[in-house]
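What follows is a short report on a single structure.
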Amino acid sequence: MTRLETRLRALRDDGRKLVIPYVMAGIGEGWTDYVLAAAAGGADAIEIGVPFSDPSMDGIVIQRAGEVALARGAALGGVLGELKGVSPGIPMLVMTYYNLFYRAGLDRIAGTLAEVGVGGVILPDLPIEEVGPWAAAAAGPGIATVQLVSPVTEGERLVRVAAASEGFVYGVGLMGITGERLKLADTAVDIARRIKAVSDKVVCVGVGVSSPEQAAQVVSAGADGVVVGSALVRRILDGGNPLAVEGFVAELRSAVDTA
Amino acid sequence: MSVMGHPDSAGRFGEFGGRFVPEPLMPAVIELEKTFEEAWGDPEFRAEYRRILREYAGRPTPLYHATRLSELVGTDVWLKREDLAHTGSHKINNVVGQALLARRLGKTRLIAETGAGQHGVATATAAALFGLGCQVFMGEIDVERQALNVFRMQLLGAEVVPVSSGSRTLKDAVNEAMRTWVSCLETSHYCIGSVMGPHPYPYIVREFQRVVGEEASAQFADAAGKSPEWVVACVGGGSNAAGTFAGFADSSAKLIGVEPEGGAAIGKGVKGVVHGMISMFLQDEFGQVEEAQSISAGLDYPGVGPEHAYLAAIGRASYESVGDAEVLEAVRVLARSEGIIPALESAHALAWVIRERARFKEGESVLVTLSGRGDKDAETIAKASGAGL
């Protein structure tokens, strides 16, 4: 079991609902302060997005944030370098697209991730059929590779994807791309229960979870936690400072704690 | 075993290809693979596909012995006239096949990406023919520079969606089509326009374009009593080249794919994983995809189909490039020697033949796929030659 999974399971087994915010790396000078702010607001882990030129699973907010970061020259190696010495006291995961790892070299990146204290990765364009080479590189340093379960991942495939997922299982709340939605999709309510029927792993639900109210709904429906990206990144794009990030994460924290 | 046969069970051509899509799309591409395999093995499906190509799309297209061009070049040149197919290019072959697949899948709508608009127009055409809805994603920059094709698509009943993200060109239109597809999988089939994307698309599109090479091979044997020594086609994503090469891969012909200098994914690219496939891409040292630059919007793609990357890797085909100036000159040469205005894309293949003419030996024949007609490019050509329209 990876260190990430051990840690998240322990929290879950203590009855805690998990809050996992997402920030875009390199979005501004001092972006690592957002990481620290999220931790201060009560996050249990944090996803650090690394910008890619062709983010085919991301909606407009994450796309914009990525464009801003790329225009500032953000790159995988540089971002990871800036994380060195940042100690938020919670697990860090990197979320990006596979080409950045592929280009840099899988073994090299796995080593660097471990070195800077990143415990897991989410690579949405690396499904279980293709994860082999990366999983082999990540095994040594103990980097967890989180897999996505979608509303149309069913039957035997659902069992296989959940079994392959490390750290936690990422339940995709709806059939679509990342982004805020006014109303929580029915599939976001349903998905944790479906995953838990075939797996005892920690299940967090993201994509289309946009507000403290929706986060509360998701955990009330049985999820162990929520991933919130676009709603937070939009606040940063709108000029929010680290305090605003801390405040929004605290709202999410309190919403899931009282759900 | 055929050089251009079935990809392996993981959708690989050698080390290229595969299926790198987010989990929400996996069930759909798996279903598509299964449906295609059944359909392609079904004589009724094939018969209907062939019937539509014959009665509606104008197949077989002629193989034309370009004698005046041959004299100019000093070698024997033959043109496979895909410019004479309905909608003006080989793109119709693929969209007819995919529209039939969409119907078999029970889908009522096609979505597609387009660069120059040729695939968009072809998709809109097939949608109209089959009574399907149609939504075409097109980069904002391309919408501006291909206004005529935008109007043609709209006239055919399609909705054209301008894409404002990223570089606002073809690669971003692909991203947006994939983003949209995931939210309408139940009703919509994603009709990819080239031999690219996640498995099974590169295989499906090549099979639907195979008709180009198979016809050309039979026509050439009939007319010349032999096989051509050289087979040449332009390559962006590489669909007309894949279809052409499929008819000659097991012959002794030298296969030449001609890339634009500013978009030479095989010539100047690096192995990567983008748009669902392992292939060659123009990208920076960090893995960010770079923009292609070509006078031909249809070749303005920073990647290439995985099977081409494979054919290059095993040495079965060679990929060389030509520049915009040579391409414009080739348009002029063909127009004046044969009375045919080629598409800028297709003119890449001709430009290579003209430039490399010293490489052809006495008695050798060169077969060039003229993938499309140049009417759509009149404005671009006029502008590039300093003439106004």
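Read-outs: derived from the displayed coordinates by stated rules, not from any lab. The structure presented is a predicted model; accordingly, all values stated were derived computationally and were not measured. Note that each Cβ is placed from the backbone with ideal geometry, even for glycine, and that neighbours are counted across all protein chains shown.
Of the beta bridges DSSP finds with both residues in segment A:3-257, what % are antiparallel, to the nearest 5?
On the way: 0 of 27 bridges.
Percent antiparallel among DSSP bridges in segment A:3-257 is about 0.
For the protein assembly as shown, the equivalent ellipsoid built from the Cα gyration tensor has semi-axes of 47, 24, 22 Å, listed from largest to smallest. Between the alpha-carbon centres of segment B:1-50 and segment A:85-140 there is a gap of 30 Å.
Across the alpha-carbon atoms of segment A:3-257, the computed radius of gyration and Dmax are 16.4, 46 angstrom. Each part gets one Cα centre, and for segment A:1-24 versus segment A:233-258 those centres are 19 Å apart. Centroid-to-centroid, using Cα positions, segment B:292-309 and segment B:156-217 are 14 Å apart. From the Kirkwood radius over Cα pairs of segment B:47-185, Stokes-Einstein at 37 °C and 0.692 mPa s returns a whole-number translational diffusion coefficient of 204 µm²/s. Peptide A:97-105 shows a mean partner chain C-beta count of 6 within 10 Å per residue C-beta.
In terms of overall dimensions, segment B:187-309 has a Cα radius of gyration and Dmax of 15.3, 52 angstrom. Helices assigned as whole DSSP H runs in chain A whose Cα atoms extend at least 18 Å along their own long axis and whose mean Kyte-Doolittle hydropathy is 0.5 or higher are found at A:242-257.
Using the alpha-carbon positions of segment B:158-201, Rg (one decimal) and Dmax (whole number) come out as 10.9, 29 Å. Taking a Cβ cut-off of under 11 Å around A:Val121, the surrounding Lys, Arg, Asp and Glu residues balance to a net charge of -2, with basic ones at +1 and acidic ones at -1. For the peptides B:127-135, B:306-314, the ranking by packing is B:306-314, B:127-135, with the highest mean count of neighbouring Cβ atoms within 10 Å listed first. For segment A:119-259, the alpha-carbon coordinates run over 40, 31, 25 Å along the three principal axes, in decreasing order. Legend: P(r) of chain B from all alpha carbon pair distances, 10 Å bins from 0, whole percents, reading 5, 26, 37, 25, 7, 0.
If you add up the charges near A:Ala45, with Lys and Arg at +1 and Asp and Glu at -1, over every other residue whose beta carbon is less than 15 angstrom from its beta carbon, what do you get?
Every neighbour counted, the sum reads +2.
Here, segment B:283-389 is characterised by an Rg to Rh ratio of 1.01, where Rg is the alpha-carbon radius of gyration and Rh the Kirkwood radius.
Average projection, convex hull of the Cα set of segment A:80-163: 5.9 square nanometres. By the rule of a C-alpha distance below 18 Å, with chain neighbours fewer than 8 residues away ignored, the lysines paired with B:Lys254 are B:Lys80, B:Lys226, B:Lys361. Other residues lying with their Cβ under 9 Å from the Cβ of A:Asp257 contribute a combined charge of +3, Lys and Arg counting +1, Asp and Glu -1.
Of all the options B:Ala158, B:Ala325, B:Ala253, the one that moves most in a Gaussian network model of chain B with Cα springs shorter than 10 angstrom is B:Ala325. Among the GluC sites (Glu not before Pro) found in segment B:1-37, those both in a DSSP coil and sparsely packed, with 13 or fewer other Cβ atoms within 10 Å of their Cβ, are B:Glu15.
Write down the percent of antiparallel bridges among all DSSP beta bridges whose residues are both part of the protein assembly as shown, to the nearest 5.
20 percent
The C-alpha atoms of chain B define a longest principal axis, and helix B:201-224 lies at about 30 degrees to it. Counting only DSSP H runs of at least 4 residues, each contributing -39500 (n - 2.57), and dividing by the residue count of the protein assembly as shown, the helix-based mean residue ellipticity at 222 nm comes to -13000 deg cm²/dmol. Among A:Gly42, A:Gly132, A:Gly77, the largest mean-square fluctuation in a Gaussian network model of chain A (Cα springs under 10 Å) belongs to A:Gly132. Here A:Lys201 is the anchor, and the aspartates and glutamates within straight C-alpha reach of less than 19 Å, apart from those fewer than 8 places off in the same chain, are A:Glu5, A:Asp13, A:Asp14, A:Asp44, A:Glu47, A:Glu154, A:Glu156, A:Glu166, A:Asp190, A:Asp224, B:Glu23.
Given R0 = 22 Å, the distance between the Cβ atoms of B:Ile314 and B:Lys226 translates into a calculated FRET efficiency of 0.30.
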